């Protein structure tokens, strides 16, 4: 019996690339599967000018897709994991995470080989407050500006001279064939990525055992562990906050390394906690990172107050 799987996805070029990637992996895993891709417009796609923090955070890119799952109009939804809120609607879960691509941020410029070469007052565009504040701490003499739109739109604004440089996810540029546009890869030590950055996740109804068993064919256990740890940190800090929060985990030689960043909206107050330990203790370490951040005053920072330590 042929099982037809309907994939809900945003209609951006990058989102469709991700949906086709998952489709191809599912077809490789089962000859008894048909896959239909359903493109959808989200609130984040309709409003391309407002800062994300003003229209509901990154979750505005997934709500319509999740509604399709809940209403039975789609079987799975494919997301950039960095766009998925830490807290999911009741009845839905992330049941597969594909192998992570490059998690780093990338500096793209027409005239400068690195962000450190941009002269005083240079205009740097990014949609992410997390990126802007971390880079501002290292390069305070530059002007950091909001930049929304899909990858093509942002590159177009750069090429038109609106910015001296822009910051984008390296993974997205690579997936769209724009690696040659990257002037500099920014290390994760200098700009901690957003939780889930570089990873593609598949969301589905929790109780659909047939679908969820099939999804194991596209799941990458190490990536799934790392992203789960990152999302656990952000969940403990408050899933709905729109403050700049970063969490990154990676496994090297059976050791998992976790790093984190929490800031106020101006970047004046910053908290960092970094921990390492055995891979099989990853989630316990993530819990500890969150506890230490909270002990340092992350909750007050998230609520708009000053940290205590």
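Rule-based calculations on the coordinates, nothing more; no lab input. Just so it is clear, the structure is predicted and the values come from calculations on it, not from any experiment. Note: ideal-geometry Cβ built from the backbone for every residue, glycine included; neighbour counts use all protein chains shown.
Here are the numbers for the structure shown:
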quantity	calculated
Relative contact order %, the chain, counting alpha carbon pairs below 8 Å whose residues are six or more apart	19
CD proxy at 222 nm, helix term only [per DSSP H run n ≥ 4: -39500 (n - 2.57); per residue of the chain; nearest 500]	-9500 deg cm²/dmol
Alpha carbon Rg of the chain, scaled by the compact-globule rule 2.2 N^0.38 Å	0.99
Cα→Cβ-extended label distance, 7 Å offset, between residue 71 and residue 41, nm	1.5
q = 0.11, 0.13, 0.20, 0.27 Å⁻¹: log10 I(q)/I(0) that the Debye formula gives for the range 105-186, counting C-alpha atoms only	-0.23, -0.32, -0.81, -1.58
Shape metrics for the range 56-123, restricted to C-alpha atoms - Rg then Dmax, Å	18.1, 53
Viscosity 1.306 mPa s, temperature 10 °C, Stokes-Einstein D of the range 234-302 from Kirkwood C-alpha radius, µm²/s	129
Stretchable slack from residue 120 to residue 291, in nm (0.36 nm times residue separation minus alpha-carbon distance)	57.7 nm
Efficiency of FRET between residue 34 and residue 209 - r from beta-carbon atoms, R0 25 angstrom, step 0.05	0.85
